[in-house]
Structure formats: structure tokens, C-alpha cells
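J.: Here it is, the structure, as C-alpha cells.
The values are calculated or read from the model by the stated rules, or taken from the named source; none is laboratory data. Everything quoted here is computed from the prediction, not taken from an experiment. Cβ: placed from backbone, ideal geometry, glycine included. Neighbour counts: every protein chain shown.
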Amino acid sequence: MGGFSIAMLGDLQVQTAGRSVPVPGTKQRLLLATLALRSGQIVSVDELVERLWDEEPPRSARTTLRGYVRRLRSVLRGAGRTDSTAIDFDAGGYRLMVESESIDLNRFRRLRQEATTCADPLEEAALLAEALRLWRGRPLSGLGTARWADDIAVGLEEEMLQTVERQCDLSLDRDEAWMVSSEVQRLIAYYPLRETLWHRLILSLHRGGRTAEALSRYQQVRQLLADQLGVAPSANLRALHLRILSENTKLEGEVRSPTAVSAVRTPTLPADRFVGRRGEINALDHLCRDTARVVVLDGGAGVGKTALVRHWLEHTSLPFPNGRLYLDLRGSRPGQALPPGEVAAELLRAFGTGDGDIPEGDLSRIALCRSVLTSRRMLVVLDDARDHHQVEKLLPGVGGVVLITSQNQLRGLVARNGAARLSVGRLRPDEGRELVGALLKQSRRAVEADAVDQLLDLCAGLPLALRIAIERFCRITEVSLGQLVAELQDERNLLDLLQTDDDAEANIRVVLSRAFNWLEPAETILLRRLSSRLWPSFDLDAAAGLMGVDRAQVRVLLERLISMSLVEQRGFGSYRIHRLQQAVVRDWAPADATAAPRHQDSAAPRPPALGGDHGSQRGSSYESASPRQDHARCTGRCQPGGNRKSVHTNWRGEAGCP
């Protein structure tokens, strides 16, 4: 190798025999960084193009990329790589063929790993010191404005800081407090909001006999956090302060590195209970790789949006150095949706803000929340948003990634806020079979293959419906899957069998009917008429014929149903409603508009004589009105907006309005 190495823990360099070999041009440095980060692995041409041009490649990108590869090979030859295979092309991508130890990042990580296995604290400290000597400054410097490089650099800095903090702990264990205070004070200048550094500084000052200075430093960080973030010091830091005040000089107890904050803990899903969705998981990794990004994950009720996000959270390797936070907005549950001000308050509590420090007014809460989010490179998951009003005001200040799930397509966030969209559909047949197989694994019961396929069809590819059906099958051991399928084929039994008696979230009738609360009268009537026809699919002309209006008018109604994931659009002018959704609509709103549904569940919404003024629920109010109030309001309702007004007005009579 002749002393050849690639240095990434500082400005990007190629080094040989103690000298630095320049890599001219930002694009070539981006290429080298991408290949070096994945040394020995094939990086696809598509990924390289994206990394070099930040998702806006020219038409000639692939040709230009080949030119950059040739020039980079020349640079590496000049640095002592005499062979021509330093960058290899294989299987549609390029691979950097260098020894792992020739890249300083790989050496750093190896030394850290070796240190964790050391039984001797002195040997561990020596390995950590050797690892830290490889650092020359901010990693991956000199790569221009590439956002992906900044994201990776933040993650690498987190690895460095954790290494420094472990080294400090070892020094404190050896009563070498003086070594800690000088190093930590230097780092605090670069990372002033990192409380674990302040913790070690205050502890080292106190143990070194400088208690007054330690207490002064606590007041300094307390004021800093209040001014910059509007939060109090962490419980760990406050406890240290109290222990110093009580002159407990033992100060036993571990100084813990920061962990991901969580407003609601995301439960770990057993590996054998989540299957499929590989395309969606890869898409989430791709979309959430950029910072300052809002991602909307939409899909119909019961398709498994929340399960997908939770599974992805457990397995993604993307770096979010300031943590991950999950909050259930309860948007689909009538009367339970969190107002925007309360969403902001819940987020602030997750960051450690005491209730007494949270402002009273919604605008003040939101402003403070945005300020906190701006300063943190983290992932915030806002699950089950009802509409854009619930989340939009929080987004302009986001510094990390916000992932929002909703049955609503949240088109406004995509159009006006630049959010990326990932739509989650029903399971494909192969994914459905895989899920059924995973759910049946523990029961060890034999099933008929054709019965499985029939079950997938009856459950419309909805993971929730399949899970409920398989739970019933496994519980009743005397029933074969074929017998259960036969019962489900009778629509009088279908919805009753796809529910549990102790959980509204495991009740297909409840889950699939919640969106009805937000429909306009004419939208409700169109949905009922379409569902009564049992059509596998339909077009604009068929829908217009059902309503007695023209194509333009019915398209307005269909767009609203599509946006609420109640109707699927298969192409321009082609639509469908899956069979379970149709069954729930027919159960909820029978052909006789004045009749009560056959199976009225207390947790499911009641039809306001087939539709009230639910349009008023689309604004900032998050209190669900009663059906009687809805019916009373619809008599004097006036909906602005051209064709939509005439459509809604024409069909008030059938919706139960005078």
C-alpha cells in the first residue's frame, strides 16, 4: 500500500508517505467520500448520481460520473495505488477496493470496539485515546453544501463525543478530575447544549476541589438552556446539583450518555409478527435521510401505517443524534384529536419542559416548540394526524425529520410545505400469505392453501383484518380455516367476526367507519350508493350516473373520498372501493336512509341521517359534534366553492336535511 490512506475524520484527504494528495473538485470529493463510507461494497450508479447532484442530476449525469471515476482513479494512482482496480465496476455500481485499515474512520471504529471488550480500564483508556487521536476536526469537511454529508458528519461527531465521555468517566474513576475539566471545557465551546458534557465538567470541578466553580457552571448551563430552548436542565443534571449542595462528595453513580427522548414509547414488535413492506421500509430510509424534511405517510384505515413506522423505527440505521420522538395525535378518533396547542405542549414535555414552564397560549406554545425543534437533529413521528391544521404550524421551524402518518392524504402539506409523500396500500397476495404464515407459526395448525387465499380476499388485504381473523381461528381450535372462511363469506357475519369484544382498535367496523365523521352529505351519499352496487371498480360516468350530476361535479366528490383514503384511484377516471370498506358503509348507512344500521357499535360514528355539516370539522376545531347537532346544522349550511356547493345543496334532501 506504500502508506496510502484516506482520512475522513476532518477535511477529506488522500494521504501517502506522510503527505496529502489533493482531490480536485467538489464532485470528485463527494464521489470519494461516498465510496469510502461503503468501502468494499458496491454503490449503485443511481445512488452515486443522487449523492453528487443532490437529487437534481443533469441529463448527462451518468456520463459525467464515469469521467469523475476516471479522474479519481488517477488521483489514487498518484497516491501510491499502482493497480487499476482501486475503483471497481461491478453489478451496476462502483466499489472502492482498499484495505479497511487504510480508512481512518474504520480504524476509529475498530479501536472503539476493542475498547469495549477490555477488562483493564487502563488498556481501555489507551485504546480510546488512540482512537481519538485520529480526529483532526469536523468529519467530511470540504464537501460543499451536500446535506447528506452533513447528516453523516453529525452522526460521526456523536460517536466521537460518546468516546470522549467514556474516556472522561475512566479518568474520573482514577481520580484524575483535572484531566477531565480541561478537555470537556474545550468541547463545550463547540457543543454548548450537550448536557452530558456539562455533567462531567461540573462533576470534575467538584471532585477537584472547585465546588464554587462547579455550582457557578450549573447556573450557567441552567440559564443557557432556558434562553436557548426554554427548558430546564435534565433530571440527571439537577440531581447532581442537589447532591453537590448537600455536600455528598461520594457522588457514586454513573453519568449516562444521552438517550433518545420519547413522548410515547414505541413498543418493540416481535420479529415474527411483522412481514413484508420491504419497498416501503426502503423508501422510508431514503426519504428520511435528508434533514429538514417532512414526510407524509398516508393510507387507508387498517393498512398498518403505525405498525410499519414502529417496525421501521426499531430497525433503521439512520443517524438521529438528538433522538427519536413518537406522539400519537389521535386524529382519527372522534372527540380525541389533540389540538395544535396541545400537540406543542406534549412535544415540549417530551423535551423535559416542566408544566409550569409551558406557555398558556397556543401561539406561544407553538413558537417555543418550533424553537426547540429547530435546534435538534432528530426524528419526530406524529402518528394519526387528522388534517394539516393539526400539524402545519409546527413545521416551519423543523431542523430534523418529521414523519406524519394519516388516513388523510394531507395534500396541502405536500403542495405548500414541500412534504414528501409515501402511500401505504393494502398487502399484496404474497405479503398477505407471509403474514398469515407468521401469525400461524406458534399455533402449529394446518391450513388449506385455498382457504388462505379466500381469507386474504375477504379481508381485502388489510393486515388488521387478517390479524383479527387469525386470532379468532387460533382461539377456537375446533374450527378449520375453511369453516371460518365460510362464515365470513356471509356478510351478515363478516363484520361481527372481524372484531374483538375488548378493544375498539381491533374492530374493523369501528376502524373503517371513523372517517365518515368528516364527510359532507353528498360525499356520504355517493359513498353509500357506490358501496351498494358491489362493483369491483367503476369510472367517472358510472359515479356521475348514480348521483345524476355531470363528470366534473362528481369528480369533486370523489377527490374528497380519495383524499380520505375511502376510495382508491387506479388511474385517470378509474376507481375502486375494497370489499371490507363497502361492507362497513352498507352496515353503517343502509339503503333506507332513515333506518338505523344493523350493527350500531357505541365506539363507531353514527350517521347523521346520512350526513351532516361535517365540513365544519375540517377547520381548527377538534371537538366532535353529536349526530343530532350535525343534523341541526345542515339545514342552514352554505358551502362556498362553485360546483361543490351545487352538488352538496342538491343532495341535502336524501342526506336527511329538509
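J.: Return yes or no: is ASP46 touching a residue at least 60 places away in the same chain (Cβ under 8 Å), surrounded by fewer than 20 Cβ atoms within 10 Å (Cβ to Cβ) and of a type in the set (D, E, K, R)? Give the steps one after another, and end with the answer.
T.: Values: touching a residue at least 60 places away in the same chain (Cβ under 8 Å): no; surrounded by fewer than 20 Cβ atoms within 10 Å (Cβ to Cβ): yes; of a type in the set (D, E, K, R): yes.
No: the conditions fail for ASP46.
J.: Moving on to the next point. Which one is surrounded by the most Cβ atoms within 10 Å (Cβ to Cβ), of the residues in the range 344-375 that are modelled with pLDDT under 85 and closer than 19 Å to ALA419 by Cβ?
T.: If we take residues in the range 344-375 being modelled with pLDDT under 85 and closer than 19 Å to ALA419 by Cβ, then CYS369 is surrounded by the most Cβ atoms within 10 Å (Cβ to Cβ).
J.: Still on this structure: Of SER537, SER513, SER532, SER563, which residue is buried (at least 20 other Cβ atoms within 10 Å of the Cβ) and either polar (S, T, N, Q) or over 24 Å from ALA337 (Cβ atoms) (or both)?
T.: Sole residue among the options that is buried (at least 20 other Cβ atoms within 10 Å of the Cβ) and either polar (S, T, N, Q) or over 24 Å from ALA337 (Cβ atoms) (or both): SER513.
J.: Then there's this: Would you list the helices (runs of 4 or more DSSP H) that sit entirely within the range 135-242 and hold 1 or more residues that are outside the structural domain of ARG349 (by TED's automatic domain parsing), closer than 20 Å to MET378 by Cβ and in contact with a Pro (Cβ under 7 Å, 6 or more places away or on another chain)?
T.: Details: elements: 147-173, 177-188, 195-207, 211-229.
Ranges flagged: 147-173, 195-207, 211-229.
J.: Taking the condition of being hydrophobic (A, V, I, L, M, F, W, C) and farther than 19 Å from ALA86 by Cα, how many residues in the range 7-60 meet it?
T.: 4
J.: Let me ask you something else. Within the range 326-338, track down each residue that is at pLDDT 85 or above and buried (at least 16 other Cβ atoms within 10 Å of the Cβ).
T.: The answer is TYR326, LEU327, ASP328, LEU329, ARG330, GLY331, SER332, ARG333, ALA337, LEU338.
J.: Could you check, for the range 290-306, whether at least one of its residues is at pLDDT 90 or above, within 13 Å of the chain's Cα centre (by Cα), in a helix (DSSP H, G or I) and under 26 Å from GLY331 (Cα atoms)?
T.: Yes, that holds for at least one residue.
J.: I'd like to check something: does the range 471-491 contain any residue that is in contact (Cβ under 8 Å) with a residue 60 or more places away in the chain and not polar (S, T, N, Q)?
T.: yes
J.: Specify which of the listed residues (LEU143, LEU52, LEU128, LEU122) is farther than 17 Å from PHE4 by Cβ, touching a Lys or Arg at 6+ places or on another chain (Cβ under 9 Å) and exposed (fewer than 12 other Cβ atoms within 10 Å of the Cβ). Don't jump to the end; show me each part of the working.
T.: Details: LEU143 fails: exposed (fewer than 12 other Cβ atoms within 10 Å of the Cβ); LEU52 fails: exposed (fewer than 12 other Cβ atoms within 10 Å of the Cβ); LEU128 fails: exposed (fewer than 12 other Cβ atoms within 10 Å of the Cβ).
When all the criteria are applied, what remains is LEU122.
J.: Can you say whether LEU488 is touching a Gly at 6+ places or on another chain (Cβ under 9 Å) and surrounded by 14 or more Cβ atoms within 10 Å (Cβ to Cβ), as far as the supplied structure shows? Spell out the reasoning first.
T.: Numbers: touching a Gly at 6+ places or on another chain (Cβ under 9 Å): no; surrounded by 14 or more Cβ atoms within 10 Å (Cβ to Cβ): yes.
No: the conditions fail for LEU488.
J.: What number of residues in the range 85-119 are among the small types (Gly, Ala, Ser), closer than 20 Å to LEU35 by Cβ and crowded, with 18+ Cβ neighbours inside 10 Å?
T.: 2
J.: Still on this model: Against the conditions (1) surrounded by 24 or more Cβ atoms within 10 Å (Cβ to Cβ); (2) free of Cβ contacts under 8 Å to residues at least 24 places away in the same chain, where does ALA544 fall short? Just the number, please.
T.: (1)
J.: Take the residues in the range 14-35 that are among the basic types (Lys, Arg) and in a helix (DSSP H, G or I); name whichever of them is surrounded by the most Cβ atoms within 10 Å (Cβ to Cβ). So that I can check it myself, show each step before the final result.
T.: Filtering the range 14-35 down to residues among the basic types (Lys, Arg) leaves 19, 27, 29.
Subsequent filtering for residues that are in a helix (DSSP H, G or I) retains 27, 29.
Numbers: LYS27: 20, ARG29: 27.
Here the residue is ARG29.
J.: With the condition being closer than 26 Å to THR306 by Cβ, I'd like the helices (runs of 4 or more DSSP H) fully within the range 479-594 carrying at least 1 qualifying residues.
T.: Hits in the range 479-594: 481-489, 491-497, 508-513, 521-532, 551-563, 579-588.
J.: Going through LEU495, LEU519, LEU481 one at a time, which residue ends up being crowded, with 17+ Cβ neighbours inside 10 Å, of a type outside the set (Val, Ile, Thr), closer than 27 Å to LEU561 by Cβ and outside the structural domain of MET564 (by TED's automatic domain parsing)?
T.: LEU495 is the lone residue from the list that is crowded, with 17+ Cβ neighbours inside 10 Å, of a type outside the set (Val, Ile, Thr), closer than 27 Å to LEU561 by Cβ and outside the structural domain of MET564 (by TED's automatic domain parsing).
J.: Cβ-Cβ under 9 Å, sequence separation 6+ or interchain: first residue in the range 81-97 and closer than 24 Å to GLU50 by Cα, partner surrounded by fewer than 10 Cβ atoms within 10 Å (Cβ to Cβ) and at pLDDT below 85. Which pairs?
T.: Final answer for the pair search is MET97/ASP83.
J.: Another question, if that's okay. When the range 566-578 is examined, which residues are found to be surrounded by 17 or more Cβ atoms within 10 Å (Cβ to Cβ) and either under 14 Å from GLU520 (Cβ atoms) or of a type outside the set (Phe, Trp, Tyr) (or both)?
T.: LEU566, VAL567, GLU568, ILE577, HIS578 - these are the residues of the range 566-578 that are surrounded by 17 or more Cβ atoms within 10 Å (Cβ to Cβ) and either under 14 Å from GLU520 (Cβ atoms) or of a type outside the set (Phe, Trp, Tyr) (or both).
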